[in-house]
């Protein structure tokens, strides 16, 4: 991590001049201030008391940045991450960006307030990640590709799902299937939507744009409210594929309040296999990761902490982590329950 002395040495200026320039003091010309700030950015200097402390010692903290930690989908992931960090004697902190409130997350990243960061949201900009990742501050990005030094990605492209929920509903004779998207910041929404479109295409079922809805979020409330708007066309549909279990459950509550029976009048499927999906009535047909797949998160923490603690072996461990991320197969399973209507032969 660069210091004021490093900037001064690089520019051939005194430490006091650099300090004045970084603090926008008028005693230093604008030209010099701009020059110093440009060099500070190049050297990735961070003006922060906490950042200064980090030059002397580690934080023993792993940070997890997610859009909405209150979603049941993340509870199991968080549990595995927390258990793994605790086993190594590290602290685990969750930072949310819900409602595009990114300021705290950005500050943590810019000021390097952790030993490593795991990001599972699309709301953190690629440039911010690339500019701040470094050997002593590795960043792992889940769900998308970000290319940069000391940035490691896992986009779930190796996920194996024998039969998607949409595919299953089609196999049960259902063809008029609407789709409800969750939060635009949810990385799973686009993957589930792509599987939905592919399932329709594979069975030569036209994609009806009038049956694609955006809930604007991934809570029960969002599911309830968007389904309320769908009530006038429910009679046209055989089924609804929701992008998450949370909004599916909210939608089911809305349908039941309107006297619409599930699955007799309409079939419902979700995604994620959250605990609540098995307890709502009727129980929700969904898909989700197997128990073994969640071991991925423990393995991820293991490699990150090795990188932090064995800096002299950084190159070798970095290659091991990259190999782990590129070869791990995250297996999913279809969970057939009561919310999808069975064919009558």
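Quick check: is even one residue across segment 121-140 assigned to a helix (DSSP H, G or I), touching a strand residue (DSSP E or B) at 6+ places or on another chain (Cβ under 9 Å) and under 17 Å from residue 301 (Cβ atoms)?
no
Restricting the search to segment 4-17, which residues are under 39 Å from the mean Cα position of the chain (by Cα) and surrounded by 15 or more Cβ atoms within 10 Å (Cβ to Cβ)?
Residues satisfying the conditions are 4, 6, 7, 10.
Output yes when any residue across segment 177-194 is surrounded by fewer than 18 Cβ atoms within 10 Å (Cβ to Cβ), in contact with a helix residue (DSSP H, G or I) (Cβ under 7 Å, 6 or more places away or on another chain), over 22 Å from residue 335 (Cβ atoms) and assigned by TED's automatic domain parsing to the domain that holds residue 234, and no when none is.
no
If residue 153 satisfies all but one of (1) assigned to a helix (DSSP H, G or I); (2) in contact with a helix residue (DSSP H, G or I) (Cβ under 9 Å, 6 or more places away or on another chain); (3) not assigned by TED's automatic domain parsing to the domain that holds residue 265, what's the number of the condition it fails?
(1)
Can you tell me which residue among 316, 293 is surrounded by 15 or more Cβ atoms within 10 Å (Cβ to Cβ) and outside any loop (DSSP other than H, G, I, E, B)?
293
Across segment 56-72, which residue is modelled with the highest pLDDT among those that are over 17 Å from residue 139 (Cα atoms) and crowded, with 20+ Cβ neighbours inside 10 Å?
Result: 68.
Please tell me if residue 301 is within 21 Å of residue 196 (Cα to Cα) and outside the structural domain of residue 255 (by TED's automatic domain parsing).
Details: within 21 Å of residue 196 (Cα to Cα): no; outside the structural domain of residue 255 (by TED's automatic domain parsing): yes.
Criteria not met by residue 301.
Any idea which of (1) in contact (Cβ under 8 Å) with a residue 60 or more places away in the chain; (2) at negative phi; (3) surrounded by 14 or more Cβ atoms within 10 Å (Cβ to Cβ); (4) outside the structural domain of residue 140 (by TED's automatic domain parsing) is the one residue 264 doesn't satisfy?
Unmet for residue 264, out of (1) in contact (Cβ under 8 Å) with a residue 60 or more places away in the chain; (2) at negative phi; (3) surrounded by 14 or more Cβ atoms within 10 Å (Cβ to Cβ); (4) outside the structural domain of residue 140 (by TED's automatic domain parsing): (3).
Pull up segment 296-313, narrow it to residues that are in a helix (DSSP H, G or I) and at pLDDT below 90, then point me to the one that is nearest to residue 115 (Cα to Cα).
Within segment 296-313, the match that is nearest to residue 115 (Cα to Cα) is 311.
Sort out which residues of segment 77-120 are in a loop (DSSP other than H, G, I, E, B) and either without any contact (Cβ under 8 Å) to a residue 60 or more places away in the chain or under 20 Å from residue 303 (Cα atoms) (or both), and write them in order of number.
If the condition is that a residue be in a loop (DSSP other than H, G, I, E, B) and either without any contact (Cβ under 8 Å) to a residue 60 or more places away in the chain or under 20 Å from residue 303 (Cα atoms) (or both), then 88, 89, 90, 101, 102, 112, 113, 114, 115 are the ones that fit.
The values are calculated or read from the model by the stated rules, or taken from the named source; none is laboratory data. Computed from a predicted model, the values in this text were never measured in an experiment. Every residue, glycine among them, receives a Cβ derived from its backbone with ideal geometry; neighbour counts consider all protein chains shown.
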